[in-house]
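Enquirer: Pasting a structure here, questions to come.
The values are calculated or read from the model by the stated rules, or taken from the named source; none is laboratory data. Quick caveat: nothing in here was measured; it's all calculated off a predicted structure. Note that we place each Cβ from the backbone using ideal geometry, even for glycine, and neighbour counts take in every protein chain shown.
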Amino acid sequence: MIAENKIFNEKACLQVVFIFCLITAPFALVIGILTHSTALILSGVICTFDAFTSFITLIIFKLLTRSPSKTYHFGYFKFEPLLIVIETTVIIATCMVSFIHALKDLYHQSAFIVNHKIGFYYIAFAIISDVLISIYIYFCIKTKSSPLLELELVGWYYDLLCTLALLIGFIISYVLERSADVHLQHLAAFTDPVMSIFVVLFIITKPFFLFRENIRDIVDRKPEEPLIEDTILEIMKQCAKELHINIDIEYIKLRRAGRTYFCLIKYCVDNQVTLQETTLFNENVKEKVEHTFSHFHMELIAETNIKT
């Protein structure tokens with residue numbers, strides 16, 4: 001079964017992505033320079049940064065496996081959204097610089113692609129690689145849910161679509177430059193800048209969403225997931241009914257850090273309820289909550305006030 005195969009675990013997947021990015025990033029940059037393609041250079045820059053962030057991701061993954069300490073008593077899960085915020089910030093900045101550069105190329109009308117043959121070879125290689133890596137990451141996520149791998153999959157999915165756009169752009173540029181019509185040859189200068197602008201506009205939407213979402217985690221904003229809170233409250237009522245005790249829930253606070261949800265619940269019970277019953281209630285709630293939301297780890301802290 002896939003779940004039993006060690007090559008489909010999270011760590012192995014992150015290592016494969018890092019090694020692949022490390023090998024292919026220089027090729028993308030070199031091909032972009034040889035073809036004079038701003039769009040390919042942008043692809044190479046993002047691929048180079050992916051290699052760097054994949055390395056940092058491996059370090060973060062190692063931290064996530066450590067036990068909580070006095071300094072990080074809730075664990076090291078804050079590092080995960082922090083990494084995603086840094087990565088998305090750099091991607092957004094890179095896209096903005098490339099967008100400005102593409103506008104300049106449109107204005108000067110001098111961005112002709114040279115050596116289309118090398119570009120076609122690289123794009124074919126990139127498409128095949130994007131498909132294979134995306135399928136591999138997908139199977140890893142099917143084995144075990146992971147925000148880090150989900151971010152990687154989004155990145156490779158967008159890479160694939162952008163590479164297909166580059167292929168279309170190269171084909172258009174190739175046809176226009178070899179046209180017998182001088183006016184059509186002149187239009188070839190607009191192909192690469194337009195490709196760059198398209199890639200930027202296509203890529204930049206997802207980083208903005210991820211940036212906003214993970215900033216909320218870092219500053220401890222309440223997750224926009226009311227269904228989780230409602231389900232936890234329903235589980236508490238069910239457990240109280242099973243143990244034949246009455247509870248009065250004062251508040252529930254839900255926070256998220258990467259893949260981990262932290263839940264602080266304050267409730268009251270009657271003075272006839274023993275400490276043993278209260279402890280059993282807390283254990284039952286924690287067990288059922290973690291079973292219900294098996295795709296993430298739940299830390300449940302129950303603060304109990306005994307009614308008098």
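Enquirer: Which residues, taken from segment 246-304, are among the charged types (D, E, K, R), modelled with pLDDT of 80 or more, more than 16 Å from THR231 (Cα to Cα) and not in a strand (DSSP E or B)?
Expert: GLU277, GLU283, listed by residue number.
Enquirer: May I pose another question? Looking only at segment 7-32, count every residue that is crowded, with 19+ Cβ neighbours inside 10 Å and without any contact (Cβ under 8 Å) to a residue 60 or more places away in the chain and tell me the total.
Expert: Residues meeting the conditions: 4.
Enquirer: Scan segment 12-22 and give yes if some residue there is touching a Leu at 6+ places or on another chain (Cβ under 9 Å), in a helix (DSSP H, G or I) and at pLDDT below 75, otherwise no.
Expert: No; the residues of segment 12-22 include none that is touching a Leu at 6+ places or on another chain (Cβ under 9 Å), in a helix (DSSP H, G or I) and at pLDDT below 75.
Enquirer: Output the residues belonging to segment 141-157 that are farther than 18 Å from LEU83 by Cβ, in a helix (DSSP H, G or I) and in contact (Cβ under 8 Å) with a residue 40 or more places away in the chain.
Expert: Answer for segment 141-157, where residues must be farther than 18 Å from LEU83 by Cβ, in a helix (DSSP H, G or I) and in contact (Cβ under 8 Å) with a residue 40 or more places away in the chain: LYS142, THR143.
Enquirer: Which numbered condition trips up VAL273, out of (1) farther than 30 Å from TYR157 by Cα; (2) surrounded by fewer than 18 Cβ atoms within 10 Å (Cβ to Cβ); (3) touching a residue at least 24 places away in the same chain (Cβ under 8 Å)?
Expert: The single condition VAL273 does not satisfy is (2).
Enquirer: Just checking, which of LEU210, LEU227, LEU187 is within 29 Å of ILE19 (Cβ to Cβ) and either free of Cβ contacts under 8 Å to residues at least 12 places away in the same chain or of a type in the set (A, V, I, L, M, F, W, C) (or both)?
Expert: LEU210
Enquirer: Could I ask something else about it? Give the residues of segment 128-150 that are among the aliphatic types (A, V, I, L, M) and either closer than 15 Å to CYS21 by Cα or exposed (fewer than 14 other Cβ atoms within 10 Å of the Cβ) (or both), sorted by residue number.
Expert: Within segment 128-150, ILE128, VAL131, LEU132, ILE133, ILE135, ILE137, LEU149 meet the criteria.
Enquirer: Here is a further query. Taking segment 219-236, which residues are in a helix (DSSP H, G or I) and modelled with pLDDT under 80?
Expert: Residues satisfying the conditions are PRO226, LEU227.
Each row is one residue, and each column tells you yes or no for (1) of a type outside the set (S, T, N, Q); (2) closer than 23 Å to TYR121 by Cα.
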{"residue": "PHE170", "(1), (2)": "yes, yes"}
{"residue": "VAL182", "(1), (2)": "yes, no"}
{"residue": "THR191", "(1), (2)": "no, yes"}
{"residue": "SER196", "(1), (2)": "no, yes"}
{"residue": "ARG212", "(1), (2)": "yes, no"}
{"residue": "LEU227", "(1), (2)": "yes, no"}
{"residue": "GLU250", "(1), (2)": "yes, no"}
{"residue": "LYS253", "(1), (2)": "yes, no"}
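Enquirer: Which condition number does VAL175 fail, the rest of (1) buried (at least 19 other Cβ atoms within 10 Å of the Cβ); (2) at pLDDT 80 or above being met?
Expert: Unmet for VAL175, out of (1) buried (at least 19 other Cβ atoms within 10 Å of the Cβ); (2) at pLDDT 80 or above: (1).
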